[in-house]
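Peer 1: Below is a structure I'd like to ask you about.
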Amino acid sequence: MTNSIHTIRLVGIAMAASVAGGFAATTARAATDGEIVLCTIDDTSGPFATMATPKTWGYDLAIEEINAAGGIMVDGKKKTIKHVQYDGQSDVGRYSQLTQQCIFEDEADVIMAGYTGAEREAARSEAVRNEKIFWHNNQGEGGIADHYSFFSGPTPEQQILPSLKWMIEKMGPKMTFIGADYNFCRAIGAWTRTAAGLYGGDLVMEEYFPFEVNQWQKTISDIQAISPDFQVHCLVGGDQVQFYPQAEAAGLKTPVLSNVTISDGYEHKIFPAPQLSNMYVPPGFIEDVPGENSTAFTAKIRERHPDAVYVNEHAAFGYVAVKAMAEAWAKAGTTETEAVIKALESDDISVAEAPGGSWKLDGSQHHAAMPTYLFKVNDDHSLSLIEDLGVTTPSFLKEIGVDVRNLKGGDGHSYLPVDNSNWSEFFK
């Protein structure tokens, strides 16, 4: 049997090599007066490369399309986008330094950075402190309220709530949760607890583990002893996903819901079947999503990256973020930060060609309305679309009284379900 950790890391290395050739060229020359500078920092090497590298493909495709169409009319002239791209190397310590480089050396008009929450916050804090527009373009906790920060990817409100409602109704209330011990997965745990409270679930186990944990026999035994109706997972990185071959070997076949496995790391293409069988995933996009937008986007990515293992969720939301910024620059008619933020907050920014379907930025929330799809992993690791869960407009911040348009400076407070007084009973 193939060693799955080794395979994942080799895939990440191969992906990194496929994009690394462009780095020196994009950072070697200063921007001209006819260019808008987009600076991106993502993990194209290291343990998170498998998940993050496709995001860079999305950036590149969007920029290629915008520039080929003649660019964007700002400051009285058509300008093209210059892409300055850095490898965060899956090392959170690099993100502050590289963000400063984007700001002070590259004179970026916008910064997009980070796979993990820790990487995001290291980059975002520097961008906000220097009053630069910042985007995070994969799943997030959904509660960051900040004048300068925007989010193209889905939130737990859009993934966890509708999918867990479906799971509880179809499979039963009894559930367990295991996740990586960091801010995003702890937030997913809080949203899981909220879903259980809202929809009649019974969360009987909630545990968090360091990224380097790769031996799961005790946890598997604990879950078998509980015998839940289904499990909820937020396992991140090549070590933690060793849960799946070990669970198969131990005979644990209880259904699993995960919003990161498959959507991020496309483990169904890396692990041998049937190790991921009976997993349910609720992405805003993966290449298996039906529709003209999905088909066209996937074909374009594969044309440019024929060795791509899978076109994941992050590829789509990197693409969408660049397209949204292009709309905002054109609407503002300038790259001046406050004017562009006003455009982004106008409720007029949407991306018709979004790979997952409709995508529209909610100016009061700095997150976007988008569809969610529920897929099941079959025994042969093919995916079946089980349910179109519909379009969810982000409302979590609004429901706790936060309108991000009223924040005039960098705030950056991260709200969680416990901050909603209507849900306080779920956290006693």
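The values are calculated or read from the model by the stated rules, or taken from the named source; none is laboratory data. Only a predicted model underlies this, so the values are computations on that prediction, with no experimental measurement involved. Cβ atoms come from the backbone with ideal geometry, glycine included; neighbour counts cover every protein chain shown.
Peer 1: Give the residues of region 82-93 that are in contact (Cβ under 8 Å) with a residue 40 or more places away in the chain and either out of contact with any helix residue (DSSP H, G or I) (no Cβ under 8 Å at 6 or more places or on another chain) or farther than 10 Å from LEU38 by Cβ (or both), sorted by residue number.
Peer 2: TYR86, ASP87, GLY88, GLN89, SER90, ASP91 - these are the residues of region 82-93 that are in contact (Cβ under 8 Å) with a residue 40 or more places away in the chain and either out of contact with any helix residue (DSSP H, G or I) (no Cβ under 8 Å at 6 or more places or on another chain) or farther than 10 Å from LEU38 by Cβ (or both).
Peer 1: Check region 199-216 and report whether any residue there is among the small types (Gly, Ala, Ser), at pLDDT 95 or above and under 23 Å from GLU157 (Cα atoms).
Peer 2: Yes.
Peer 1: So the check is Cβ under 8 Å with 6+ separation or different chains; which pairs have a first residue in region 30-56 that's in contact (Cβ under 8 Å) with a residue 40 or more places away in the chain and acidic (Asp, Glu) and a second one that's buried (at least 21 other Cβ atoms within 10 Å of the Cβ) and assigned to a loop (DSSP other than H, G, I, E, B)?
Peer 2: Close Cβ pairs satisfying both conditions: ASP42/GLY88; ASP42/GLY114; ASP42/TYR115; ASP43/GLY88; ASP43/SER90; ASP43/TYR115.
Peer 1: Read through the list (1) surrounded by fewer than 20 Cβ atoms within 10 Å (Cβ to Cβ); (2) modelled with pLDDT of 95 or more; (3) polar (S, T, N, Q); (4) in the same structural domain as SER294 (by TED's automatic domain parsing), then give the number of the only condition that SER358 fails.
Peer 2: Against the list (1) surrounded by fewer than 20 Cβ atoms within 10 Å (Cβ to Cβ); (2) modelled with pLDDT of 95 or more; (3) polar (S, T, N, Q); (4) in the same structural domain as SER294 (by TED's automatic domain parsing), SER358 comes up short only on (2).
Peer 1: Counting residues that are surrounded by fewer than 21 Cβ atoms within 10 Å (Cβ to Cβ) and at pLDDT below 95, which helices (runs of 4 or more DSSP H) fully inside region 1-118 reach at least 3?
Peer 2: So the answer is 4-20, 23-28.
Peer 1: Right, something else. What pairs come up if the first residue lies in region 385-404 and is more than 22 Å from ILE341 (Cα to Cα), the second is assigned to a helix (DSSP H, G or I) and small (Gly, Ala, Ser), and their beta carbons are under 8 Å apart, counting only those six or more places apart or on different chains?
Peer 2: Close Cβ pairs (under 8 Å, with a partner that is assigned to a helix (DSSP H, G or I) and small (Gly, Ala, Ser)) amount to LEU389/SER163; ILE400/SER421.
Peer 1: Something else about it: Return the residues of region 318-338 that are charged (D, E, K, R) and farther than 30 Å from MET51 by Cα; say none if nothing qualifies.
Peer 2: LYS331, GLU336, GLU338
Peer 1: Restricting to region 235-281, name every residue that is part of a strand (DSSP E or B) and not hydrophobic (A, V, I, L, M, F, W, C).
Peer 2: Passing the criteria: SER258, TYR280.
Peer 1: Spot the failing condition for LEU344; the list is (1) surrounded by fewer than 16 Cβ atoms within 10 Å (Cβ to Cβ); (2) within 20 Å of the chain's Cα centre (by Cα); (3) not hydroxyl-bearing (Ser, Thr, Tyr), and only one is missed.
Peer 2: LEU344 satisfies every listed condition except (1).
Peer 1: Pull up region 123-136, narrow it to residues that are aliphatic (A, V, I, L, M) and assigned to a helix (DSSP H, G or I), then point me to the one that is surrounded by the most Cβ atoms within 10 Å (Cβ to Cβ).
Peer 2: Among those that are aliphatic (A, V, I, L, M) and assigned to a helix (DSSP H, G or I), it is ALA123.
Peer 1: With the requirement that a residue be charged (D, E, K, R) and farther than 23 Å from TRP329 by Cβ, what does region 95-119 give you?
Peer 2: GLU119, the sole residue that qualifies.
Peer 1: Still on this structure, I have one more. Looking at GLY412 and the list (1) out of contact with any helix residue (DSSP H, G or I) (no Cβ under 9 Å at 6 or more places or on another chain); (2) in the same structural domain as ASN130 (by TED's automatic domain parsing), which single condition is not satisfied?
Peer 2: So the condition that GLY412 fails would be (1).
Peer 1: Also, quick follow-up: With the structure loaded, tell me whether GLU303 is farther than 19 Å from VAL236 by Cβ, without any contact (Cβ under 8 Å) to a residue 40 or more places away in the chain and outside any helix (DSSP H, G or I) or whether it fails that test.
Peer 2: Criteria not met by GLU303.
Peer 1: What residue, of ASN378, ASN406, is closer than 20 Å to VAL260 by Cα and out of contact with any Phe, Trp or Tyr (no Cβ under 8 Å at 6 or more places or on another chain)?
Peer 2: None of the others qualify; the one that does is ASN378.
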